[in-house]
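The values are calculated or read from the model by the stated rules, or taken from the named source; none is laboratory data. It should be emphasised that the depicted structure is a prediction, and the values quoted were computed from it without experimental measurement. Note that each Cβ is placed from the backbone with ideal geometry, even for glycine, and that neighbours are counted across all protein chains shown. These area figures cover heavy atoms from the full protein model, side chains too; ligands, DNA and RNA do not enter into them. Shrake-Rupley method; radii C 1.70, N 1.55, O 1.52, S 1.80 Å.
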Amino acid sequence: MSRSPSLPERPRLDLDPEMSEAERLSAIRQHFERLVAVNDELDDRLSEALDRREELKDEVEQLKDRNEALKTSSLYVATVEEVTDDGVVIKQHGNNQEVLTDASPHLDAEVESGDRVAINDSFAIQTLLDDETDSRAQAMEVDGSPEVRYEDIGGIDEQVREVREAVEDPLKNPEMFEEVGVDPPSGVLLYGPPGTGKTMLAKAVANETDATFIKMAGSELVRKFIGEGSRLVRDLFELAADREPAVIFIDEIDAVASKRTDSKTSGDAEVQRTMMQLLSEMDGFDDRGEIRIMAATNRFDMLDEAILRPGRFDRLIEVPKPAAEGREKILEIHTRDMNVADDVDFADFAEKLEDYSGADIASLATEAGMFAIRDERTEVTRADFEAAYEKLESTDETTTLPGHTDYQY
Ligand SMILES: Nc1ncnc2c1ncn2[C@@H]1O[C@H](COP(=O)(O)OP(=O)(O)OP(=O)(O)O)[C@@H](O)[C@H]1O
């Protein structure tokens, strides 16, 4: 930081009593001239300082305006194509329009070709965004060979059968559908309470068909920047086309496909645009080859009917919480690798796990194992399962777990 130069030294008047009248007059005159010079210099400094203060004030105002603009207006996402002497060429996401524009002065030196940027209504670059590949990688989970198998899923055999028919058969035997002359379902929507195995079903079917599993959370599609959600949807389908056979799985689809609300905020409009992009990708689905699309929701009641039309999510599969027999099966699955004592009767124990989801049962089994470990035992006993049950039930009184919440679906 630069320091302001030190102030000029204050002139001193030294009058010697020995001096003649004329000498004293001359000394006083010189002192007066020095005082005037110092005064002039101080005047200059003062006016410089005042100018600087005005400049800083302007800068503060500009920063305030920019801050306000960033806070209140929606920004669009674009990629920098080229930095030229005449300005910066950007390409907007969403409509691919190229525009010659400028960066805000504070970004001028930083903008480089290939950067992802946020632009305002007049196309001026406002912010440099994170690397796109990072944000895409965050938004999508890609698994070349998911480990879940059908045998790992308990209590929902009928749903497994339906998913196999709607997703696996068209991937494995497309010619059968052609010969018979029926179109396989375009998209499969799994709906039901959380933790019932919807994601597992999608992973298992991808595993069984040697397909790449590509998961995107609906909440990730609801992005801050205009054009980003629809761009991610396009990326999702492009990635699936590169990796086919592939199973696309959109979790929490209600985040992008809820019934239209009356409010007209720019955020809602953006969600709407993202949903439109999703619908248009699905409508062009016939030519997409070996890609199957699945989605899941806990909020079936909230869905916009547009996504349920034929050619879109036209196969609905309800995945409920398991009944007692299913709960027993899930208990067995999650204790497969455990050393369970002979006094444990899963059929009996499953009876009391009324309203437990598969995920609740998975945590109960882990919890029972933890009780044995704490006790330094290698065998998990009936008492451990009872203790785990008591623990989860008491947690339930203060939180919403295990899944005793009323979900509307
Ligand atoms: N039917 C089931 N059989 C065996 N394990 C299950 C079952 N359902 C859930 N689980 C266990 O719960 C975990 C979470 O399940 P999953 O992610 O498939 O649920 P989900 O229905 O997709 O939930 P959400 O709606 O919260 O995404 C699984 O990894 C598994 O351990």
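Just the residues that are touching a residue at least 12 places away in the same chain (Cβ under 8 Å) and either open to solvent by less than 20 Å² (accessible area, probe 1.4 Å) or within 16 Å of the ligand (Cβ to nearest atom) (or both), please, taken from segment 158-184.
Listed by number, the residues that qualify are Gln159, Val160, Glu162, Val163, Arg164, Ala166, Val167, Glu168, Pro170, Leu171.
Sort through Glu59, Glu9, Glu18 and tell me the only one that's outside the structural domain of Val117 (by TED's automatic domain parsing), modelled with pLDDT of 90 or more and not hydroxyl-bearing (Ser, Thr, Tyr).
Every option except Glu59 fails the conditions.
Hey, among the residues in segment 353-382 that are closer than 16 Å to Glu332 by Cβ and more than 37 Å from the chain's Cα centre (by Cα), which one's nearest to the ligand (Cβ to nearest atom)?
Ranking the candidates gives Val380 first.
Mind listing just one residue for me: the one in segment 137-157 that is farther than 24 Å from Ala347 by Cα and buried (at least 20 other Cβ atoms within 10 Å of the Cβ) and, of those, farthest from the ligand (Cβ to nearest atom)?
Selected residue: Pro146.
For the subset of segment 303-323 comprising residues that are outside any strand (DSSP E or B) and within 14 Å of the ligand (Cβ to nearest atom), which member is surrounded by the fewest Cβ atoms within 10 Å (Cβ to Cβ)?
Filtering segment 303-323 down to residues outside any strand (DSSP E or B) leaves 304-312, 319-323.
Next, only the ones that are within 14 Å of the ligand (Cβ to nearest atom) stay: 319-323.
Values: Val319: 26, Pro320: 15, Lys321: 24, Pro322: 24, Ala323: 13.
Residue satisfying both the conditions and the ranking: Ala323.
Scan (1) in contact with a Gly (Cβ under 6 Å, 6 or more places away or on another chain); (2) more than 16 Å from the ligand (Cβ to nearest atom); (3) touching a residue at least 60 places away in the same chain (Cβ under 8 Å) for the single condition Leu221 breaks and write down its number.
So Leu221 meets the others, but not (2).
In the set Pro193, Pro170, Pro146, Pro174, which member is in contact with a strand residue (DSSP E or B) (Cβ under 6 Å, 6 or more places away or on another chain), outside the structural domain of Asn120 (by TED's automatic domain parsing) and either within 27 Å of Ile330 (Cβ to Cβ) or of a type outside the set (Phe, Trp, Tyr) (or both)?
Answer to the selection: Pro146.
Contact list please: Cβ distance under 6 Å, first residue in segment 196-216 and more than 9 Å from the ligand (Cβ to nearest atom), second residue among the hydroxyl-bearing types (Ser, Thr, Tyr) and open to solvent by 10 Å² or more (accessible area, probe 1.4 Å), pairs at least six apart or on different chains.
Ala204/Tyr150
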